[in-house]
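Read through the structure below, which is laid out as structure tokens, and then see the notes.
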Amino acid sequence: MIIEPRMRGFICLTAHPKGCEQNVKNQIEYVKSKGKIDGAKKVLVIGASTGFGLASRITSAFGSDAATIGVFFEKPPVEGKTASPGWYNSAAFENEAKKAGLYAKSINGDAFSNEVKQQTIDMIKADLGQVDLVIYSLASPVRMHPVTGVLHRSSLKPIGGTFTNKTVDFHTGVVSQISIEPANQEDIDNTVVVMGGEDWTMWMDALKNAGVLANGATTVAYSYIGPEVTEPVYRKGTIGRAKDHLEATAFSITDSLASINGKAYVSVNKALVTQASSAIPVIPLYISLLYKTMKAEGIHEGCIEQMQRLYSQRLFNGSEVPTDDKGRIRIDDWEMRTDIQDKIAKLWQDATTENLSEIGDLPGYKQDFLNLFGFGFEGVDYNADTNEMVNVPSIS
Ligand code: NAD
Ligand code: NA
């Protein structure tokens, strides 16, 4: 069938298998062009199908020749209906890994469940014995708690008062004021349950107790800080409480991994267009100003550039892992540069519907958003009859 983008607000209902494949191939080429990284050889990536998790998996496989197991929650295709992009990404990744002679298998299911954890442990035992790196890159609006069976929903709300600021509808370019009502305690608690560190702890406990973590194993989860303008809805809002919890969890996991000389890190990454970040009010306007400013300075990065730099210059740089005063790895260093942030703060004041096309990078935002679903890639014939059914035996 001819597959076209069908946009509905913050999501696209279709995904293009050839475009997703092109996206994965481009990321592989980028990692290869940067040379080998002396990194982990057996890697588990939880949240491996899109965004930072996919880029981490690609960097491990094609930067360090690592065997990878990926866990994700994606929709396979059915006759006449495309898969979710993460499915096609993973299918393409598996095919490329196999061509390169690299072990790659995936588990498609709910990472928050005990069953998927056990399935992963069984796969590691059967195929790899142990893993030496665990990337934790889940982004989800809901979590079914494996002990209580309660379905928790996260929210993106300020805490303590209504937040009013500018936002942009990135489809139309219209800049408007948005007001978001404050969270109550239940919203905060639920968001921490979904996006905080409890599930990361459960994963690391399960892996350690099963004996599938190698001596000296490392685990890394991803966080975000960002600028003052987004603080009420991000870092000082409900999601920020979850990130505080996630960051604190790194210390408790490091303690519990002492017996195997393991270590847990949080890496603070740059703001990027992903399915998760597009749904957060105010952030798309910030990202469009950020992209424009960083591109002008020649320091713009996407997920793969970020993860390649995380691996080569932080995690596996041949010496100690550099961290900030709170023990976090900072790969948002270029985003947070004072000169960059000063420029954005000024642009933020000025931004209107009329001038955004000039002062912000809306085309760059839209392009990245289309790319998430496999659209807008050079070298892909979008008019061609395309088979939506992609069969991947190594995804269980
Ligand atoms: P993403 O939406 O691109 O990826 C989320 C991944 O989680 C996908 O692989 C998805 O399949 C998987 N997933 C979701 N629910 C699942 C479930 N129940 N079981 C198994 N897999 C599930 O998100 P992303 O933007 O790459 O975010 C990853 C992490 O990076 C998050 O912690 C996020 O907060 C953080 N981060 C994001 C940004 C940003 O700007 N996008 C910046 C800094 C940090
Ligand atoms: Na991810």
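Might you let me know whether the range 160-169 holds any residue that is in contact with a helix residue (DSSP H, G or I) (Cβ under 8 Å, 6 or more places away or on another chain), polar (S, T, N, Q), modelled with pLDDT under 95 and within 16 Å of ligand 1 (Cβ to nearest atom)?
yes
Hey, among Gly70, Gly35, Gly53, which residue is part of a helix (DSSP H, G or I) and among the small types (Gly, Ala, Ser)?
On inspection, the qualifying residue turns out to be Gly53.
Assess whether Ala92 counts as being outside any strand (DSSP E or B), away from ligand 2 (no atom under 15 Å from the Cβ) and at pLDDT 95 or above.
yes
Please go through the range 136-156 and pick out each residue that is in contact with a Leu (Cβ under 8 Å, 6 or more places away or on another chain) and surrounded by 18 or more Cβ atoms within 10 Å (Cβ to Cβ).
Arg143
So that you can scan it fast, the table gives a plain yes or no per residue for (1) in contact with a helix residue (DSSP H, G or I) (Cβ under 9 Å, 6 or more places away or on another chain); (2) free of Cβ contacts under 8 Å to residues at least 60 places away in the same chain:
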residue	(1), (2)
Ala242	yes, no
Ala248	no, yes
Ser252	yes, yes
Ala258	no, yes
Lys263	yes, yes
Val266	yes, no
Val273	yes, no
Ile280	yes, no
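Collect the residues in the range 287-315 that are closer than 13 Å to Arg330 by Cα and either in a loop (DSSP other than H, G, I, E, B) or in contact with a strand residue (DSSP E or B) (Cβ under 8 Å, 6 or more places away or on another chain) (or both), keeping them in residue-number order.
Leu310, Arg314, Leu315 - these are the residues of the range 287-315 that are closer than 13 Å to Arg330 by Cα and either in a loop (DSSP other than H, G, I, E, B) or in contact with a strand residue (DSSP E or B) (Cβ under 8 Å, 6 or more places away or on another chain) (or both).
Yes/no per residue for (1) in a helix (DSSP H, G or I); (2) under 17 Å from Ile159 (Cα atoms):
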site: Val233; (1), (2): no, yes
site: Gly240; (1), (2): yes, yes
site: Lys243; (1), (2): yes, yes
site: Ala248; (1), (2): yes, no
site: Ile253; (1), (2): yes, no
site: Ser259; (1), (2): yes, no
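Could you identify the single residue in Lys25, Lys75 that is more than 16 Å from the chain's Cα centre (by Cα), surrounded by fewer than 24 Cβ atoms within 10 Å (Cβ to Cβ) and within 12 Å of ligand 1 (Cβ to nearest atom)?
Only one candidate passes the filter, namely Lys75.
Matching residues to (1) surrounded by fewer than 15 Cβ atoms within 10 Å (Cβ to Cβ); (2) among the basic types (Lys, Arg); (3) modelled with pLDDT of 95 or more; (4) not in a strand (DSSP E or B):
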position	(1), (2), (3), (4)
Val134	no, no, yes, no
Pro158	no, no, yes, yes
Val175	no, no, yes, no
Pro182	no, no, yes, yes
Asn190	no, no, yes, yes
Lys208	no, yes, yes, yes
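Give me a count of the residues in the range 107-127 that are within 16 Å of ligand 2 (Cβ to nearest atom) and acidic (Asp, Glu).
Counting residues in the range 107-127 that are within 16 Å of ligand 2 (Cβ to nearest atom) and acidic (Asp, Glu) gives 1.
Cβ contacts < 6 Å: first residue more than 27 Å from Leu213 (Cβ to Cβ) and of a type outside the set (Ser, Thr, Tyr), restricted to the range 134-151; second residue more than 10 Å from ligand 1 (Cβ to nearest atom) and part of a loop (DSSP other than H, G, I, E, B), any location; separation 6+ or different chain. Result?
Within 6 Å, the pairs are Pro141/Ser154.
Let me spell it out: the conditions are (1) within 16 Å of ligand 2 (Cβ to nearest atom); (2) part of a helix (DSSP H, G or I); (3) closer than 25 Å to Ile188 by Cα; (4) of a type outside the set (Ser, Thr, Tyr), and Lys270 meets all of them except one. Which number is the exception?
Every listed condition holds for Lys270 apart from (2).
Any idea which of Val194, Val233 is within 16 Å of ligand 2 (Cβ to nearest atom) and either in contact with a Pro (Cβ under 8 Å, 6 or more places away or on another chain) or at pLDDT below 95 (or both)?
Within the list Val194, Val233, the selection yields Val194.
Let me confirm something: among Pro363, Pro322, Pro393, which residue is closer than 30 Å to Val116 by Cβ and free of Cβ contacts under 8 Å to residues at least 60 places away in the same chain?
Working: Pro363 fails: closer than 30 Å to Val116 by Cβ; Pro322 fails: closer than 30 Å to Val116 by Cβ.
After ruling out the rest, the residue left standing is Pro393.
Check the range 43-62 and report whether any residue there is away from ligand 2 (no atom under 16 Å from the Cβ), modelled with pLDDT of 95 or more and on the phi > 0 side of the Ramachandran plot.
no
The values are calculated or read from the model by the stated rules, or taken from the named source; none is laboratory data. This is a predicted model, so every value here is computed, not measured. Every residue, glycine as well, gets a Cβ built from its backbone with ideal geometry; the counts of neighbours run over all protein chains shown.
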